[in-house]
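The values are calculated or read from the model by the stated rules, or taken from the named source; none is laboratory data. The shown structure was predicted, so the numbers you read here are calculated from the model rather than taken from an experiment. All Cβ positions, even for glycine, are placed from backbone atoms using ideal geometry, and neighbour counts span all protein chains on display.
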Amino acid sequence: MPTTPTRTVHPTAIVAALSAAGIAVSLMQTIIVPLVPRLPEYLHTSNDNAAWALTATLLTGAVATPIAGRLGDMYGKRLILALSLLSVALGSVVCALSDQLPPFLVGRALQGVGMGAIALGISMMRDSLPPERLGSGIAAMSASLGVGGALGLPIAALVAQYDWHALFWGAAVITLVCLVAVLIVVPASPAHRTAGFDYVGAVGLATALTLLLLPLSKGATWGWATPLTLGLFAGAIIVFALWIAYELRRDHPLVDLRTTAERTVALTNGASMAAGFALFSMSLIPVQLLMAPAVTGNGNGLSMVKAGLFLAPGGLVMFACSNIGARVSRAFGPRSSLALGAAVMAVGYLIQLVLLVADWHIGPWHLVLITCTISAGIGIAYAAMPALIMGAVPLRQTGEANGVNALMRSLGMSVASAIVGMVLAHNVVTVKLPTQAGVRALAFPSNTGYLIATIVSLVACAVSVVCALALRPAR
């Protein structure tokens, strides 16, 4: 329902509605984490098949994000955002009603379709907010990804103890409330229907991303050197090459690759991918250190609920520091904010590295310090990325460009899942622990695994810093 010309909406209400929508969507990434060990039992399936519940959302989210951005530019961002939120709500209802794997996967895939909401919300702020509020609004929207992810873990763990279906009913209600708020509060954005939708380009991008993300997410299970994994990687390279050649010949492509290759956009996307790696690595390492048994030598033996509560402050710090990022960008330019954020992230990983090298036990409060430091850096850096992107592209391409930037973050997170997961899985210590089936030998990551994963994450932070410093200073 379009906004009438006489209607005025306070900028704070617009930022609140869009940020709440971003938090609701990002909750879908962590809402399932507490369920993973019990999903085979809940859905009457095997461990390998249950793992597709995570992969389905990853795949559809990566594919939908750039496509949603392009559709938003063509048909109006509020309309596509509303459809994205509706897909998340529908997917949540399907999951809540499911006791078998196939419908549950359909629901998780529908939830993934809504992952383009954050990029759309950032683009809508450029259309709706006055210039003096734009920086802080974009920063809050960017940080909603981390806030939802951090808060989702303890909340989901608490609810899942009583009724796992209630998690998805709650997600559906929250998403529908956010949908209503967006429709009431946020003005409609202008549409730019310069040409028809590039269906061939959309199919090509979806195929290429699927061929890339499947082996990244399942390679550890299938084996990295198996014909299936290598074949999918080779197929991804071939399809990406064909897709690029096709898009470059189009007058109105799905993704304007010439704009994407522009220095500011390309370097910002590179920094986004590296920051996405650092963000996801932070979610993989601390939770294992908190939950691993104390007998392993490096674990703290906490439950999922307690571990989530120790990790929750990171999301709040990320949100608070996003405003610092906006202020730094306003005073010194978004290039400085991006470099500062990446450097602060590196400090967090350096603290973790020092503790590991010194062979000190990393307790829960050490991890609060580490995750809050890394989260502060992510909040500062993420506030700068949309500003850099939108300052380098025309208004009619903001949805598309932010969608591609969000995709690069998702790819960074996927690469982190593969690399850090592989490192931790191949460097383990085995201990005998009592289980329901008797005493069993169980493997947990060793200090060597954590050390290598931390070094790799530090390298990702360094890449983000280098990309930021290579940007042209703001005039």
*Hey, any hits in the range 426-436 for a residue that's loosely packed, with under 15 Cβ neighbours inside 10 Å, in a helix (DSSP H, G or I), on the phi < 0 side of the Ramachandran plot and modelled with pLDDT of 80 or more?*
yes
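How many residues does the range 4-34 hold that are aliphatic (A, V, I, L, M) and either surrounded by fewer than 18 Cβ atoms within 10 Å (Cβ to Cβ) or in a loop (DSSP other than H, G, I, E, B) (or both)?
From the range 4-34, those aliphatic (A, V, I, L, M) are 9, 13-18, 20-21, 23-25, 27-28, 31-33; that's our starting set.
Add one more test, that the residue is either surrounded by fewer than 18 Cβ atoms within 10 Å (Cβ to Cβ) or in a loop (DSSP other than H, G, I, E, B) (or both), and what stays is 9, 13, 16, 31-32.
Looking only at that region, the number is 5.
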*asked:* Which residue is farthest from Ala343 (Cα to Cα), if the candidates are limited to the range 257-296 and must be in a loop (DSSP other than H, G, I, E, B) and touching a strand residue (DSSP E or B) at 6+ places or on another chain (Cβ under 7 Å)?
replied: Pro293
*In the range 329-346, which residues are over 10 Å from Ser464 (Cα atoms), assigned to a helix (DSSP H, G or I) and of a type outside the set (A, V, I, L, M, F, W, C)?*
Ser329, Arg330, Pro334, Arg335, Ser336, Ser337
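Residue check: is Val159 within 30 Å of Pro11 (Cβ to Cβ) and not acidic (Asp, Glu)? Break it down stepwise before answering.
Numbers: within 30 Å of Pro11 (Cβ to Cβ): no; not acidic (Asp, Glu): yes.
No.
Take Ala274 and tell me if it is hydrophobic (A, V, I, L, M, F, W, C) and either outside the structural domain of Cys372 (by TED's automatic domain parsing) or surrounded by fewer than 19 Cβ atoms within 10 Å (Cβ to Cβ) (or both). Lay out the reasoning, then the answer.
Numbers: hydrophobic (A, V, I, L, M, F, W, C): yes; either outside the structural domain of Cys372 (by TED's automatic domain parsing) or surrounded by fewer than 19 Cβ atoms within 10 Å (Cβ to Cβ) (or both): no.
Here the answer is no, as Ala274 does not meet what is asked.
To keep it simple, each residue is scored yes or no on (1) assigned to a helix (DSSP H, G or I); (2) among the aliphatic types (A, V, I, L, M).
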position	(1), (2)
Ala188	no, yes
Gly201	yes, no
Thr207	yes, no
Leu211	yes, yes
Gly219	yes, no
Leu232	yes, yes
Phe240	yes, no
Ile244	yes, yes
Leu254	no, yes
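Could you tell me whether any residue of the range 409-425 is loosely packed, with under 15 Cβ neighbours inside 10 Å and either of a type in the set (Gly, Ala, Ser) or in a strand (DSSP E or B) (or both)? Spell out how you get there, then give the answer.
Just the residues of the range 409-425 that are loosely packed, with under 15 Cβ neighbours inside 10 Å, to begin with: 425.
Now narrow it down to the ones that are either of a type in the set (Gly, Ala, Ser) or in a strand (DSSP E or B) (or both): 425.
Yes, the range 409-425 contains a residue that is loosely packed, with under 15 Cβ neighbours inside 10 Å and either of a type in the set (Gly, Ala, Ser) or in a strand (DSSP E or B) (or both).
For the range 356-382, enumerate the residues that are aliphatic (A, V, I, L, M) and free of Cβ contacts under 8 Å to residues at least 12 places away in the same chain. I'd like the intermediate steps shown before the answer.
Pass one, the range 356-382, residues aliphatic (A, V, I, L, M): 356-358, 362, 367-370, 374, 376, 378, 380-381.
If the condition is that a residue be aliphatic (A, V, I, L, M) and free of Cβ contacts under 8 Å to residues at least 12 places away in the same chain, then Ala358 is the only one that fits.
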*Kindly indicate which of Ala331, Ala346 is in contact with a helix residue (DSSP H, G or I) (Cβ under 8 Å, 6 or more places away or on another chain) and not basic (Lys, Arg).*
Ala346
_Here is a check on your reading of the model: is Leu388 surrounded by fewer than 23 Cβ atoms within 10 Å (Cβ to Cβ) and either assigned to a helix (DSSP H, G or I) or without any contact (Cβ under 8 Å) to a residue 12 or more places away in the chain (or both)?_
no
_When you scan the range 68-80, do you find a residue that is buried (at least 19 other Cβ atoms within 10 Å of the Cβ), under 22 Å from Asp163 (Cα atoms) and at pLDDT 90 or above, even just one?_
no
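Report whether or not Thr65 is of a type outside the set (A, V, I, L, M), over 22 Å from Ile174 (Cβ atoms), part of a helix (DSSP H, G or I) and in contact (Cβ under 8 Å) with a residue 60 or more places away in the chain. Even if it seems obvious, please write down each step before you answer.
On the way: of a type outside the set (A, V, I, L, M): yes; over 22 Å from Ile174 (Cβ atoms): no; part of a helix (DSSP H, G or I): yes; in contact (Cβ under 8 Å) with a residue 60 or more places away in the chain: yes.
So Thr65 does not fit the description; no.
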*asked:* Step by step: first the residues of the range 268-290, then only those that are out of contact with any Lys or Arg (no Cβ under 9 Å at 6 or more places or on another chain) and more than 15 Å from Leu411 (Cβ to Cβ), then the one that is modelled with the lowest pLDDT. Which residue is that?
replied: Ser283
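Going through Ile362, Ile380, Ile324 one at a time, which residue ends up being buried (at least 24 other Cβ atoms within 10 Å of the Cβ) and of a type outside the set (Gly, Ala, Ser)?
Working: Ile362 fails: buried (at least 24 other Cβ atoms within 10 Å of the Cβ); Ile324 fails: buried (at least 24 other Cβ atoms within 10 Å of the Cβ).
Criteria check complete, one pass: Ile380.
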*What number of residues within the range 172-217 are more than 23 Å from Leu232 (Cα to Cα), modelled with pLDDT under 90 and either out of contact with any Pro (no Cβ under 7 Å at 6 or more places or on another chain) or buried (at least 19 other Cβ atoms within 10 Å of the Cβ) (or both)?*
12
